[in-house]
1. Would you mind stating whether Val65 is touching a Ser or Thr at 6+ places or on another chain (Cβ under 7 Å) and of a type outside the set (Ser, Thr, Tyr)?
2. Step by step: first the residues of region 146-176, then only those that are out of contact with any Pro (no Cβ under 7 Å at 6 or more places or on another chain), open to solvent by less than 90 Å² (accessible area, probe 1.4 Å) and part of a helix (DSSP H, G or I), then the one that is nearest to Phe2 (Cα to Cα). Which residue is that?
3. Taking region 1-20, which residues are surrounded by fewer than 19 Cβ atoms within 10 Å (Cβ to Cβ) and within 10 Å of the chain's Cα centre (by Cα)?
4. Quick one: in region 39-60, of everything that is outside any helix (DSSP H, G or I) and in contact (Cβ under 8 Å) with a residue 40 or more places away in the chain, which residue is farthest from the ligand (Cβ to nearest atom)?
5. Can you tell me how many residues within region 21-38 are open to solvent by less than 60 Å² (accessible area, probe 1.4 Å), assigned to a helix (DSSP H, G or I), in contact (Cβ under 8 Å) with a residue 12 or more places away in the chain and not aliphatic (A, V, I, L, M)?
6. For region 94-109, name all the residues that are under 18 Å from Leu27 (Cβ atoms) and out of contact with any Phe, Trp or Tyr (no Cβ under 8 Å at 6 or more places or on another chain).
Amino acid sequence: MFNIILFGPPGSGKGTQSEKLIAKYNLKHLSTGDLLRSEIANGTPLGLEAKKLMDAGQLVPDEVVVGMISSALDANQQVNGFLFDGFPRTTAQAEALDKLLKLKGTEIGVVLALEVSDAELVKRLLNRGLTSGRSDDTNETVISNRIVEYKNKTAIVADYYKKFDKARAIKGEGTLDEIFDALSKEIDLRQSEK
Ligand code: ADP
């Protein structure tokens, strides 16, 4: 198994690049944002609780997202690997993920961190809000709250993986293909080292 974390602030292109990467490397895509939105769409108690936080641009509690990821790992035993998108977002989530993967006899292969300027992030998110149907993409205050949450709680997660020499920074501005090629190159390099 080869497991990848696609890391980066909201609007850095994780979702878009994930779609291309799962097709190329035959991975199972696990996006906590998508999993949470599907809970909301199904009107579950978890979804109702999460919606309030998501609408305010705040993170959902660690136990909630770790529980969702744990179930998703159990439900997908026979896969080539996982692509984690939007998870882990706190150091506690990263530690929990390491434990869950260890129980399955596997680990994170590489963490690819997309780097995009704040001005570009806000521009992309507002633009996505025109068509995404996501209320958290239409309000500039909510967008800036999400970027603040990223800076306060999520950015340090990259340091956690740097300790294990697993994190690689990738320039997240340029054409979709340029970014995809840069991501693929790092994955190929890591896989050949294994
Ligand atoms: P983006 O990264 O573009 O903001 P996501 O779909 O990844 O979009 O996340 C949307 C919202 O879902 C976040 O603002 C947060 O409220 C919640 N969320 C998603 N993943 C997590 C996570 N791992 N931990 C806590 N909250 C999360």
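1. yes
2. Result: Tyr161.
3. Selection gives Gly15 alone.
4. Initially, region 39-60 is screened for residues outside any helix (DSSP H, G or I), giving 42-44, 56-60.
Next cut, in contact (Cβ under 8 Å) with a residue 40 or more places away in the chain only: 56-59.
Details: Ala56: 8, Gly57: 6, Gln58: 6, Leu59: 4 Å.
Ranking the qualifying residues of region 39-60, first place goes to Ala56.
5. Within region 21-38, the subset open to solvent by less than 60 Å² (accessible area, probe 1.4 Å) is 21-22, 25, 27, 29-33, 35-36, 38.
Next, only the ones that are assigned to a helix (DSSP H, G or I) stay: 21-22, 25, 32-33, 35-36, 38.
Next, from what is left, pick out any that are in contact (Cβ under 8 Å) with a residue 12 or more places away in the chain: 21-22, 25, 32-33, 35-36.
Now restrict to residues that are not aliphatic (A, V, I, L, M): 25, 32-33.
So the count comes out to 3.
6. The first filter runs over region 94-109 and keeps only residues under 18 Å from Leu27 (Cβ atoms), leaving 97, 100-101, 104-109.
Within region 94-109, Leu100, Leu101, Lys104, Gly105, Thr106, Glu107 meet the criteria.
The values are calculated or read from the model by the stated rules, or taken from the named source; none is laboratory data. These numbers come from a predicted model, not from an experiment. Cβ atoms come from the backbone with ideal geometry, glycine included; neighbour counts cover every protein chain shown. SASA here: full protein model, heavy atoms, side chains in, ligands and nucleic acids out. Shrake-Rupley method; radii C 1.70, N 1.55, O 1.52, S 1.80 Å.
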